[in-house]
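Asker: Supplied in structure tokens, the structure appears directly below.
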Amino acid sequence: MSRKKVGVITMHRVINIGSALQAYATQQAVESLGYDCQIIDYLYPTEYHMQCSTEADDGSESIFREFRKNFLSASKLLQLSRWMKQFLLNHKYVQNRNRQKKKFQEWQKLLHRTQPYSRSAILRRPPLFDIYMTGSDQTWKARNLGKDYSFLLDFAPIHAPRIAYAASFGASRLPDKYRQVYATYLKQYRQFSVRELSGSSLTEELTGRVAPLVLDPIFLLNRKQWQEVADKSVIVQKPYILCYLLVGVFNPYPYAFTLIDKIRELTGYQVVFIGFHGAAGAKGYQVLPDVGPAEFLQLYEQAALVVTNSFHGTAFALNYRKLFFTLCNPGQTSDDRVSSLLNLFEVQSRGILPAEINHITARSLSFDWQRPEKILGKYRALSLDYLKQVLQTASPQEFQ
């Protein structure tokens, strides 16, 4: 009996470590259940998607608006203009970015991909599969996608079985102008599940069906399985604080430096900083500006402690059983990804607001892993069972 073919659409092309790793984990999980899995090589993001991401109308801040709010005060405009010129002309930065892109391209070789598809190509002649699946990451985030409904599987043949695993709206609200079209396409899914509790509420509002809550795909592989694809050549000799900070939903600086320095003072550990930030080097941190997915895994493996503000940064700390501090957004936002994760694992105390940094003491460096490990074991089993069930029931004969 031939293996059924599953086509997964997810955001695997983004130069983002979490996006790359979750795509690989989805593929591995599906194949471990006895299916042939291909990642649909959809060309995302394009200039159209980048433009959409600056038009935040869902109550949250776009990256562009957040940057403008934090930096573009009148008193800093001239200073920023000069800094930007220097930054954009910085040949070293360009070299680092190009090296990082090559590492992501190497990682993508681990993915079983289709031919590349543009929006027009996938509508004109879609790839053929037994089952079509929307993968995880922010695949249903309207702000990033606009009127591109590929991640809602609008290109799939009309009677083809559609499922979703750990999809995320990336926000607790959906803009009114998208509600009807999302409702229409979601109702065509045989089964869907989400990554955040707010996503479950949204699917119920839109379709009348409650989406089960499942784990992000990165949790479907354990630490040992991740280490099989880690770059073992990455070696940092001394105990270190690993810092993985993103400027996205909110700008974590300068609070992040205050937090890092506080922990460095308490532990005496050196600091390893993933990403490009001029001030990090000036502070004596070991800056790694061009880290790829395989290196990231090894850096987590060796880290003594993690400081992050990222969803996947927090997720890998939980999966690798690493003591961590997650810097949380002090402002109002509809993006509840990190808070949902902390709540699920009952580790709210590891989320730190900027105003709470000065309250960190040596006692903050101890942590009881018994409860979160129990939750991980439970939800990993439930998530894998859910994926197995929906793949078994999603067949052309059974889909109505």
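The values are calculated or read from the model by the stated rules, or taken from the named source; none is laboratory data. The structure presented is a predicted model; accordingly, all values stated were derived computationally and were not measured. All Cβ positions, even for glycine, are placed from backbone atoms using ideal geometry, and neighbour counts span all protein chains on display. Areas reflect the complete protein model, heavy atoms only, side chains present, ligands, DNA and RNA absent. Shrake-Rupley method; radii C 1.70, N 1.55, O 1.52, S 1.80 Å.
Asker: Answer with yes or no whether ALA25 is in contact with a Pro (Cβ under 7 Å, 6 or more places away or on another chain) and farther than 20 Å from GLY313 by Cα. Even if it seems obvious, please write down each step before you answer.
Answerer: Details: in contact with a Pro (Cβ under 7 Å, 6 or more places away or on another chain): yes; farther than 20 Å from GLY313 by Cα: no.
Answer is no for this residue.
Asker: Considering only residues that are small (Gly, Ala, Ser) and under 13 Å from TYR244 (Cα atoms), which ones fall in the stretch 260-296? It would help to see each step written out before you state the result.
Answerer: Just the residues of the stretch 260-296 that are small (Gly, Ala, Ser), to begin with: 268, 275, 278-282, 284, 292, 294.
Answer for the stretch 260-296, where residues must be small (Gly, Ala, Ser) and under 13 Å from TYR244 (Cα atoms): GLY275, ALA280, GLY292.
Asker: State all residues of the stretch 344-363 that are closer than 26 Å to ASN251 by Cβ and touching a residue at least 24 places away in the same chain (Cβ under 8 Å); if no residue qualifies, say none. So that I can check it myself, show each step before the final result.
Answerer: We begin by selecting, within the stretch 344-363, every residue closer than 26 Å to ASN251 by Cβ; these are 344-345, 347-360.
Result: LEU344, PHE345, VAL347, ARG350, GLY351, ILE352, LEU353, PRO354, ALA355, ILE357, ASN358, ILE360.
Asker: Okay, next question. Check every one of the helices (runs of 4 or more DSSP H) wholly within the stretch 248-353 and list those with 1 or more residues that are open to solvent by 10 Å² or more (accessible area, probe 1.4 Å), under 30 Å from GLN105 (Cβ atoms) and polar (S, T, N, Q).
Answerer: Working: elements: 255-267, 278-282, 293-302, 311-319, 337-344.
Hits in the stretch 248-353: 293-302, 311-319.
Asker: Right, something else. Kindly establish whether ILE357 is β-branched (Val, Ile, Thr) and closer than 14 Å to LEU215 by Cβ. Steps first, answer last, please.
Answerer: Working: β-branched (Val, Ile, Thr): yes; closer than 14 Å to LEU215 by Cβ: no.
It is false that ILE357 is β-branched (Val, Ile, Thr) and closer than 14 Å to LEU215 by Cβ.
Asker: Within 24 Å of the chain's Cα centre (by Cα) and hydroxyl-bearing (Ser, Thr, Tyr), is that true of TYR269? Explain how you work it out, then say what you get.
Answerer: Working: within 24 Å of the chain's Cα centre (by Cα): no; hydroxyl-bearing (Ser, Thr, Tyr): yes.
In short, no.
Asker: Could you check PRO239 against (1) touching a residue at least 60 places away in the same chain (Cβ under 8 Å); (2) open to solvent by less than 30 Å² (accessible area, probe 1.4 Å) and say which number it fails?
Answerer: Of everything listed in (1) touching a residue at least 60 places away in the same chain (Cβ under 8 Å); (2) open to solvent by less than 30 Å² (accessible area, probe 1.4 Å), PRO239 misses just condition (2).
Asker: Same structure, new question: Might you let me know whether the stretch 222-230 holds any residue that is open to solvent by less than 20 Å² (accessible area, probe 1.4 Å) and assigned to a loop (DSSP other than H, G, I, E, B)? Reasoning before the result, please.
Answerer: Initially, the stretch 222-230 is screened for residues open to solvent by less than 20 Å² (accessible area, probe 1.4 Å), giving 226, 230.
Retained after the next criterion (residues that are assigned to a loop (DSSP other than H, G, I, E, B)): 230.
Among the residues of the stretch 222-230, at least one is open to solvent by less than 20 Å² (accessible area, probe 1.4 Å) and assigned to a loop (DSSP other than H, G, I, E, B), which makes the answer yes.
Asker: Would you please name the residue that is least open to solvent (accessible area, probe 1.4 Å), looking only at residues in the stretch 8-58 that are among the acidic types (Asp, Glu) and within 13 Å of HIS112 (Cβ to Cβ)?
Answerer: Within the stretch 8-58, the first condition is being among the acidic types (Asp, Glu), and the residues that meet it are 31, 36, 41, 47, 55, 57-58.
Narrowing the set further to residues that are within 13 Å of HIS112 (Cβ to Cβ) leaves 31, 36, 41.
Working: GLU31: 52, ASP36: 64, ASP41: 5 Å².
Looking at the filtered set, the residue picked out is ASP41.
Asker: OK, next. Yes or no: the stretch 369-383 includes at least one residue that is crowded, with 17+ Cβ neighbours inside 10 Å and outside any helix (DSSP H, G or I).
Answerer: So far as the stretch 369-383 goes, no, none of its residues is crowded, with 17+ Cβ neighbours inside 10 Å and outside any helix (DSSP H, G or I).
Asker: What single numbered condition from (1) outside any loop (DSSP other than H, G, I, E, B); (2) aliphatic (A, V, I, L, M); (3) more than 26 Å from TYR24 (Cβ to Cβ) fails to hold for ILE218?
Answerer: Here ILE218 clears every test but (3).
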